[in-house]
Amino acid sequence: MNNQVNPLSILREATHSQLPSPFKPVIVRLENISKIYGSGETEVRALADVNLIVEQGEYCAIMGASGSGKSTVMNIIGCLDQPTKGHYYLDKANVAVLSDADLAQIRNLKIGFVFQQFHLLPQLSAVENVMLPMVYADIHTSEQRDRAISALKRVGLKNRLNNKPNQLSGGQQQRVAIARAIVNQPVLLLADEPTGALDSRTTQEVMDIFSDLNNSGITIVMVTHEPDVARKTRRIVWFKDGEVIHSHLTPSEISQVQNSKQ
Ligand SMILES: Nc1ncnc2c1ncn2[C@@H]1O[C@H](COP(=O)(O)OP(=O)(O)OP(=O)(O)O)[C@@H](O)[C@H]1O
Ligand SMILES: [Mg+2]
């Protein structure tokens, strides 16, 4: 038997393990995305030639002034809206060519959403709310319940499984919404101002959960107005007037951008 090791293969392995960024799978690829609402005098250019890449495992904050296009880009990334122009690849799939039914399925399987207003169904318990994304999947109800319970445990709510939203604090409701967003093990977790309706202590708790989820490998893109929230992420993308003006700020660079009134 030939026990000789090929030095080239060792080199290749070593090189790969040291090459994080360029060789990580790309989850979101936006190419020259524009979004125009309305027409004629009422036309609004919400996004203008946006290029953005988010790799697997990233934790990005999207920041910028009100009206700069943050929610618009999130809706496109989340397949809730289509761009007027440009290409979008989600986990390598060309989203533009998909039918509405395929889009809905991709959304359900690949993306978890968390919004500022938790959007829980008031008549359902925490467990039942978290089971909702699995309703259309071919999963037995008892398995759905088990998965919902483990998602709720993951966000620290194992003692609130049967509470309805009005029996939960704001922070707890948002944690239910996070459990609902991760229960299908999405490739991408999107959050649009998830701490916007929370006080500072609860914001901290929710941000700790997002950090834990990212540390376990979930890719997260989060819109926020709050510098303290953005500082908990790893990369900040800054929008102005529908354009990306900074795509790779570090948390410590936020104040420089704010001070320069960008
Ligand atoms: N459905 C719509 N119809 C017309 N114009 C829209 C629509 N949605 C957004 N816009 C406009 O597009 C621009 C970008 O809006 P967007 O909601 O993306 O901003 P944002 O950065 O999320 O702001 P905020 O921080 O206030 O949430 C704004 O000028 C807004 O008025
Ligand atoms: Mg918005």
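For the range 179-187, the condition holds for at least one residue, the condition being that it is under 21 Å from R107 (Cβ atoms) and basic (K, R). In the range 209-227, the condition of being within 26 Å of N32 (Cβ to Cβ) and of a type in the set (D, E, K, R) is met by no residue.
Residues are listed down the side, and each one gets a yes or a no for (1) modelled with pLDDT under 95; (2) assigned to a helix (DSSP H, G or I); (3) aliphatic (A, V, I, L, M); (4) within 16 Å of ligand 2 (Cβ to nearest atom):
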| site | (1), (2), (3), (4) |
| --- | --- |
| L103 | yes, yes, yes, no |
| N108 | yes, yes, no, no |
| L152 | no, yes, yes, no |
| N162 | no, no, no, no |
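Please indicate, with yes or no, whether at least one residue in the range 81-90 is over 21 Å from R234 (Cβ atoms), within 16 Å of ligand 2 (Cβ to nearest atom) and surrounded by fewer than 18 Cβ atoms within 10 Å (Cβ to Cβ). Yes - at least one qualifying residue is present in the range 81-90. Evaluate the following for R180: is it surrounded by 15 or more Cβ atoms within 10 Å (Cβ to Cβ), in a loop (DSSP other than H, G, I, E, B) and of a type in the set (K, R)? Criteria not met by R180. Report yes if some residue within the range 213-222 is at negative phi, part of a strand (DSSP E or B), away from ligand 1 (no atom under 16 Å from the Cβ) and touching a helix residue (DSSP H, G or I) at 6+ places or on another chain (Cβ under 6 Å); otherwise report no. Yes, the range 213-222 contains a residue that is at negative phi, part of a strand (DSSP E or B), away from ligand 1 (no atom under 16 Å from the Cβ) and touching a helix residue (DSSP H, G or I) at 6+ places or on another chain (Cβ under 6 Å). V221 fulfils the conditions (1) within 16 Å of ligand 2 (Cβ to nearest atom); (2) surrounded by fewer than 21 Cβ atoms within 10 Å (Cβ to Cβ) except for a single criterion, (2).
The values are calculated or read from the model by the stated rules, or taken from the named source; none is laboratory data. Bear in mind the structure is a predicted one, so any value in this text is a computation, not a measurement. Glycine also receives a Cβ, built like all others from the backbone with ideal geometry; neighbour counts cover every protein chain displayed.
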